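All remarks here apply to the structure that follows.
The values are calculated or read from the model by the stated rules, or taken from the named source; none is laboratory data. Predicted model, so just to flag it, every value in this text is computed and none were measured. Cβ coordinates were reconstructed from backbone atoms using ideal geometry, including for glycine residues, and neighbour counts include every protein chain displayed. For accessibility, only protein heavy atoms count, side chains too; no ligands or nucleic acids. Shrake-Rupley method; radii C 1.70, N 1.55, O 1.52, S 1.80 Å.
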Amino acid sequence: MSSAGADVVEALASAARERLRTGAAPAVVCGELAGQTRWWWDAALAVGQARGIPKPELLRRVRSDPERVQHELGPGQEDLYGELLERSGVFDVAKQLDERELVIAKHLRSAIGAIGGVASGRALGLSRRLVLGELADVFRSLARCGPRADRGRPREFWEALVSAGELLDPADGDDQGTVAQALDSCRAHMADPAR
């Protein structure tokens, strides 16, 4: 399979920009556009282009095999195609992190590296939230789960989380608690990793 051409993608991208401006989700727009073209990847390219994501980055996100998903689906499943791409993070627009946020993200990645393994779905979720700049959410999530008892490196994990937590806004919270509460828990674990 091959793309129908740059002119087709540009026309689809123009339509995607218009739909996205109205508040339509990228998955919905991709599904709608996929229904209008033989090569569904053109719809994905158009949505990515409309969101400002370069083609090489889109290809990296689908692991250089853009037509694989279309082969697994059939006519009438264009909406599912858009949903699968969106859930995989294909249309995520990376937040530009400032210097403090970059340091926080580095500490969070160190904690993830010391966790001792993460299920693929959870790993994808953590990765997407880091890309989107949802650092406090990643911090709280990691603080709740802790390192794996059998393969993790607890001391390294808790030290990285404490370092990240100390740089986050302590009042930032959700229904699971504030950063300050999670930081207190991380400090207690760091003092007694066997906890």
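Looking at the structure I just gave you, is PHE139 assigned to a helix (DSSP H, G or I), open to solvent by less than 20 Å² (accessible area, probe 1.4 Å) and either of a type in the set (Val, Ile, Thr) or touching a residue at least 24 places away in the same chain (Cβ under 8 Å) (or both)?
yes
Can you go through ALA123, ALA94 and tell me which one is under 13 Å from the mean Cα position of the chain (by Cα), at negative phi and in a helix (DSSP H, G or I)? Show your work before the answer.
On the way: ALA94 fails: in a helix (DSSP H, G or I).
None of the other options fit; the residue is ALA123.
Of all the residues that make up segment 1-29, how many are closer than 22 Å to LEU73 by Cβ, at pLDDT below 95 and not aliphatic (A, V, I, L, M)?
2
Of the conditions (1) among the small types (Gly, Ala, Ser); (2) over 27 Å from ALA44 (Cα atoms); (3) touching a residue at least 40 places away in the same chain (Cβ under 8 Å); (4) open to solvent by less than 10 Å² (accessible area, probe 1.4 Å), GLY165 clears all except one; give me its number.
(3)
Out of the residues in segment 109-133 that are closer than 18 Å to LYS95 by Cβ, without any contact (Cβ under 8 Å) to a residue 24 or more places away in the chain and charged (D, E, K, R), which is least open to solvent (accessible area, probe 1.4 Å)?
If we take residues in segment 109-133 being closer than 18 Å to LYS95 by Cβ, without any contact (Cβ under 8 Å) to a residue 24 or more places away in the chain and charged (D, E, K, R), then ARG129 is least open to solvent (accessible area, probe 1.4 Å).
Take segment 42-66 and flag every residue that is of a type outside the set (Gly, Ala, Ser), at pLDDT 90 or above and in contact with a helix residue (DSSP H, G or I) (Cβ under 7 Å, 6 or more places away or on another chain). Steps first, please.
At the first step, the residues of segment 42-66 found to be of a type outside the set (Gly, Ala, Ser) are 42, 45, 47, 49, 51, 53-63, 65-66.
From what's left, at pLDDT 90 or above: 42, 45, 47, 49, 51, 53.
ASP42, LEU45, VAL47, GLN49, ARG51, listed by residue number.
Check LEU45 against each of (1) open to solvent by less than 20 Å² (accessible area, probe 1.4 Å); (2) in a loop (DSSP other than H, G, I, E, B); (3) hydrophobic (A, V, I, L, M, F, W, C); (4) free of Cβ contacts under 8 Å to residues at least 60 places away in the same chain and name the one condition it does not meet.
Only one criterion is unmet by LEU45, namely (2).
Return the residues of segment 8-25 that are in a loop (DSSP other than H, G, I, E, B) and of a type outside the set (Ser, Thr, Tyr); say none if nothing qualifies.
Listed by number, the residues that qualify are GLY23, ALA24, ALA25.
What residue, among those in segment 68-79 that are open to solvent by 70 Å² or more (accessible area, probe 1.4 Å) and in a helix (DSSP H, G or I), is farthest from LEU45 (Cα to Cα)?
GLU72
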